[in-house]
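Reading through the structure tokens given below for one structure.
Taken together, the values in this text are just the output of simple stated rules run on the coordinates, not laboratory data. This structure is a prediction, so every number in the text was calculated from the model and none was measured. As a convention, Cβ positions derive from the backbone with ideal geometry for all residues, glycine included, and neighbour counts pool all protein chains shown.
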Amino acid sequence: MMRSLRPFSLALTVGFALALPHELKAQDAVDDAISLMLIEMSLEEKVGQMTQLTLGALSSGEATSENPEAHQLDADKLRHAIVDRHVGSIINVHNMAFSGEHWHKVITAIQDLATKETKQKIPILYGIDSIHGANYIREATLFPQNLNLAATRNPDLVEQCHAVCARETRAAGIPWNFGPVLDVGRQPLWSRFFETYGEDVHIATVLGAAAVRGLQGSDLSSTQQVAATAKHFLGYSNPISGRDRTQALLPERYLREHFLPPFMAAVKENVRAVMVNSGEVNGLPVHANHNILTKLLRGQMKFKGVVVTDWEDVKKLHSLHRVAPNLKEATRLAVEAGIDLCMAPNDFQFTDHLIELVNEGLILEELIDQTVTRILRLKFDLGLFAKPYPDSGLLKEIGNEQAAALSRQAARQSLVLLKNENVLPLAKDTKILLTGPGCNSLAALHGAWSYTWQGTDEAAYPKKLHTVLEAFNEAHGRDKVLWARGAQWDGSTDFDYALKKAQDADVIVCVLAEEPSTETPGNISDLTLPSNQLRLVRKLAMGKPLILVLLENRPRLITEIAGHCHGIVYAGHPGPHGGSAIYDLLTGEFNPSGKLPFTYPRDPNLLLPYDHKFSDTADSAHDDKGFNPLYEFGHGLSYTTFTYGNLSLPPDPLIQLDSVRLSVKVSNTGTRQGTETVHVFVRDLFASVAPPVKRLRAFRRVTIEAGATETVIFEFPVIDLAFFGPRNYPIVEPGEFEVMIGDQKGTIVVE
Ligand code: BGC
């Protein structure tokens, strides 16, 4: 079929809101104030504003789980950084989470120096990784990790969780969060897979935008909000080797199609900061890539906020990527490419080199002025000039019962029932053997970024939290819960003891778990779960009902044991209430509704996502298994059953400015109320760029009473059917599109 190409400009899809007149006035006043400040500021002061240090470089004592109060600021180092070197931003925790009260002391000491003892009195911009709740504040509410939140398919819930995260982070005196992670999880080996919203770009876009709204709200200066950071721009999550911070080869079209949209949505939500990808894309380290950081981000996407580097990444242009023969050239490359703030974070080499570069005329001071303007603007908008200090009245806002209830609800909605051969739900009088390394570990429930960076220090977790074992003991009764470790993360086993205990049990619940990790400590070279854990399951396959629960950072392969199990639950990292949520799911206290946000692979070398190409699965006499996952993207069972019918699609051809309005009837044909996520997949039958087999274009959770039928209506613009065409613009090509919802199928035509 001949098709004409109709390009859409990026502006159409990005769509910026216009500011109201009174907002414009206030903005003018801030612009004037910043211009005046810049006139007064020395080059050293300006470059200091672009420098970001980690708290560890300014501390003398370290908090530990034995002595959480041991952290101390080093007064001399702090004074040197803020007063002598004019540092503009400080980040991070030192070693492990502080109490809200300790945070107040730290931030107060920092702001005292900045606002009382410097010429310009510019407050410090403090930033932190509140990745799943305010995970570096001891009393804060932690939530399931992003990958779990993606399984809920619930944007409102995601927004609410991030709003709590913002409130509790700000209550500690910290106004800036390094989240949400908007990298799309296309590489299951990658150590940060659990930080993503999964493999689908549409889900990452919708949930990422919800996260930004929750964090930033409508007034950044309010005590309830923080500035958000969309990270890591761009193409971080798909390294060839799967190892963190290693190179990715991503054709321009693929980069735009699968990785750009969540960032575009975040910019549309006015996200105030963007953090740069530490890796190389197509041979160029992103920290030195003017095309990505300036032409694309500022030029096409119209991003107005602050671009912050990732950890030591300016230096690494020299020491790791080797695109700069020395640190000075590395500094020049990064600043010319478009960074604003350098996460140095341990020394002043960036600062010194940048001052030299400007003095030598190799970087224009106007460029520095533009950058500092953006940083100061963020400080003004956060209200830091007016109120730099933490508010002691807010400490009580950290960690309340309402927030805990939200986390509990998120944990429940995030669990995915993958398999149930009529063994679940369990009767309340069942005698259960709990075994596996995930049974008695809070770390396994939380994952990394929990009280410590890697999340593995069990002693750092609040005493009141329950492991899976403790939750089962409490809810089921100790007399009906048996426990054996079975296998541990150090590779050890106690199979004989587990087998002996299993004799006395009616049901075996095996909680396999990957030891939490993130970034380079989480690199692996085999997606298969460690063999001692797989052997444990094989030993326990003795005929009794065997249920597998998976606490993991990414989809670790379980193919060789899945067949032995009668029930399987993907639990990911459900957070502090994960233990009771798992118990409640297994015993039918609630009806599971989670849906896989990724394709669960069957084979180590067949890691195709659901939206692969037709040619990936070319059927031939030699190979009919091009795509053969263990569990498909979107899979997730319920204790009731749903059927789909009456798909209704626009009968007449649509034009490109139309909306697609469609509806489908979903019936609950089982005996209890349940929640189903309706996924709308669309396939472009023929296109100038080989189309994927299907793409998710819309989704909705619906709760339906037993025996009832709901009509679910969707409406989205025809431009949502666009793909990045031969010239890398989003285009909708006229022709037929197949719509697939459950087992319902139909065709729409676009003219
Ligand atoms: C991570 C970032 C994080 C930063 C600050 C880096 O190592 O890649 O995601 O925000 O550290 O802690």
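Data for the structure
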item: Karplus-derived HN-Hα couplings along the stretch 453-461 (A = 6.51, B = -1.76, C = 1.60, θ = phi - 60°), whole Hz, x at Gly and Pro; result: 4, 7, x, 8, 7, 4, 5, 7, 7
item: From phi via Karplus (6.51, -1.76, 1.60), per-residue ³J(HN,Hα) for the stretch 108-119 in Hz, x at Gly/Pro; result: 4, 4, 5, 5, 4, 5, 5, 9, 10, 10, 10, 5
item: Ordering of 543-549, 685-691, 258-264 by packing [mean C-beta count within 10 Å, highest first]; result: 258-264, 543-549, 685-691
item: Nearby aspartates and glutamates by direct alpha-carbon distance to Lys745 (threshold 19 angstrom, same-chain neighbours under 8 apart not counted); result: Asp611, Glu632, Asp652, Glu676, Asp684, Glu710, Glu715, Asp720, Glu736
item: Of Lys46/Lys295; Lys295/Lys694; Lys625/Lys665; Lys105/Lys304, those spanning more than 27 Å from alpha-carbon to alpha-carbon; result: Lys295/Lys694; Lys625/Lys665; Lys105/Lys304
item: Overall dimensions of the stretch 561-639 as given by Cα atoms, namely Rg and Dmax in Å; result: 15.9, 50
item: Tally of Lys pairs whose C-alpha atoms are under 23 Å apart, taken over the stretch 357-510, 8 or more apart or cross-chain; result: 15
item: Shape metrics for the stretch 276-432, restricted to C-alpha atoms - Rg then Dmax, Å; result: 23.9, 79
item: Segments 117-127, 154-164 sorted - mean Cβ within 10 Å per residue, highest first; result: 154-164, 117-127
item: Degrees, to the nearest 10: 21-40 long Cα axis against longest axis of the chain; result: 50
item: Partner aspartates and glutamates for Lys302 [C-alpha distance under 15 Å; skip if fewer than 8 residues away on the same chain]; result: Glu269
item: Euclidean distance between Cα centres, the stretch 150-193 to the stretch 654-708, Å; result: 26
item: Value of [θ]222 nm, deg cm²/dmol, for the chain, DSSP H segments ≥ 4, -39500 (n - 2.57) each, nearest 500; result: -8500 deg cm²/dmol
item: Centre separation in Å (Cα based) which lies between the stretch 484-516 and the stretch 374-416; result: 39
item: Radius ratio Rg over Rh of the stretch 642-750, counting only Cα atoms, Kirkwood formula for Rh; result: 1.03
item: q = 0.09 Å⁻¹, the chain: log10 I(q)/I(0) [Debye, one scatterer per Cα]; result: -0.84
item: Stokes-Einstein diffusion coefficient of the stretch 41-397, Kirkwood radius over Cα pairs, 4 °C, 1.567 mPa s, in µm²/s; result: 64
item: At q = 0.11 Å⁻¹, base-10 log of I(q)/I(0) for the stretch 150-255 (Debye sum, equal scatterers on each alpha carbon); result: -0.37
item: Cα-centred dipole magnitude for the stretch 642-750, charges only on beta-carbon of K, R (+1) and D, E (-1), debye, nearest 20; result: 300
item: Share antiparallel - DSSP beta bridges, the stretch 41-397, percent rounded to 5; result: 20
item: The stretch 246-355, Cα convex hull volume normalised per residue, Å³; result: 94
